[in-house]
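Please treat every number below as a calculation from the coordinates, not as lab data. Since this is a predicted model, take the numbers as computed values, not measurements. Here the Cβ is made from the backbone with ideal geometry for all residues, glycine too, and neighbour counts use every protein chain on show.
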Amino acid sequence: MIIELPKEFTFFNETGEIGAYVENGILKLKSATSYRKVMTELTYHMKGRKRCCYCGNIVDVEEMTIDHMYPQDFGGPTITNNLLPCCKKCNNEKGNLTSKQYKMYLIAKKQGRGKEYIEDLKKYLLYIRKWEAFEIPKGWISKKEITKIIVQIDLGDSYKGKNYKKVKEFYEKYGHFQKPIIVDSNNFLLDGFITLMYAKNKNIQKVPVIVLKNVEVIT
């Protein structure tokens, strides 16, 4: 898929070095740079960092967060297409709802039907969790053999901590992963290392991926 990018953008690492930049419609991302930090800064750069996209209020910097319009717990990726600047209050209230569901909830809440709406929605989300795997546009996802995904880092067994356990427990319970892996245009891993390691350890040949066609990892 093609993610939203500005015409010009430069991200500096903590050392003051350029860690990412946009050139000719392509996001060039240095391998040592935090992918998630870059996505966050890109979102603020394009959508602002002062006004909440839900309530419309101007908020202080410390009260501003980044919301996943399709929630992470249901596969929502950390990409600019899925991120909005949002105040802490709205982000907490929205929780695991999609942006559309949250707006419908706010309408129902004004009509005194907020609790009923959430109860009905829980049944739908339980269905998604068991059968559909992800609550994101199907066109974003494809399947890719894990042997084709490039991983530059080797951590031995040190990755087998709490996050690995969560991936393991989720897969064993539902038979699918909680979120897709994200790779660049050359299949370089951007997000989802623990998921990929679990798939390799369990000999799972193919994993759900989101390929960012206008992102390229560089050295």
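Look at the alpha carbon pairs under 8 Å that are at least 6 residues apart: their mean separation over the length of the chain gives a relative contact order of 22 percent. Using modelled backbone amide H atoms (1.01 Å from N, in-plane), which distant-in-sequence or interchain residues come within less than 5 Å of LEU27's amide H? Residues meeting the criterion, in which the H sits 1.01 Å from N, are VAL215, GLU216. Within the shell of other residues whose beta carbon sits under 15 angstrom from the beta carbon of MET69, the net charge comes to 0, with Lys and Arg scored +1 and Asp and Glu -1.
Cβ crowding within 10 Å ranks HIS176, HIS68 as HIS176, HIS68, fewest other Cβ atoms first.
Let a ≥ b ≥ c be the square roots of the eigenvalues of the Cα gyration tensor of the range 59-140; is it rounded (a/c under 1.5), or, if not, prolate (a/b larger than b/c) or oblate? Judged from the Cα gyration tensor, the range 59-140 comes out oblate (a/c at least 1.5, b/c at or above a/b).
Put a dot 7 Å past the Cα of TYR174, heading toward its Cβ, do the same for LYS200, and the two dots end up 2.4 nm apart.
Placing dummy labels 7 Å off each Cα toward the beta-carbon, the span from GLN72 to ASN186 is 2.8 nm.
With 19 Å as the limit, the listed pairs LYS143/LYS202; LYS138/LYS160; LYS30/LYS88; LYS100/LYS206; LYS162/LYS202; LYS7/LYS148 have LYS138/LYS160; LYS30/LYS88; LYS100/LYS206; LYS7/LYS148 beyond it between alpha carbons. Phi-derived couplings, Karplus 6.51 cos²θ - 1.76 cosθ + 1.60 at θ = phi - 60°, listed residue by residue for the range 78-84: 8, 9, 4, 4, 10, 10, 9 Hz, with x used for Gly and Pro. Using only side-chain charges placed at the Cβ, +1 for Lys and Arg and -1 for Asp and Glu, the dipole size of the chain relative to its Cα centre rounds to 840 debye. Neighbour counts of C-beta atoms inside 10 Å place GLU8, GLU41 in the sequence GLU8, GLU41, starting with the fewest. Annotation: the antiparallel percentage among DSSP beta bridges lying fully within the chain is about 70.
Summary value for the range 110-219: 31 percent relative contact order, contacts being C-alpha pairs under 8 angstrom separated by 6+ residues. Summing +1 for each Lys or Arg and -1 for each Asp or Glu among the other residues whose beta-carbon sits under 12 angstrom from that of GLU41 gives +4. The candidate values are (1) 52, 38, 33; (2) 54, 42, 31; (3) 50, 36, 28; the one derived from this structure for Cα extents along the principal axes in Å carries the label (2). Within the range 138-213, antiparallel bridges make up roughly 60 percent of the DSSP beta bridges whose residues both belong there. The relative contact order of the range 56-101, computed from alpha carbon pairs under 8 Å that lie at least 6 residues apart in sequence, is 42 percent.
Exposure proxy shown here: for LYS162, LYS37, the number of other Cβ atoms within 10 Å sets the order, fewest to most, as LYS162, LYS37. For PHE12, the residues whose amide H sits under 5 Å from its own are GLY19, ignoring neighbours fewer than 5 places away on the same chain, with H placed 1.01 Å from N.
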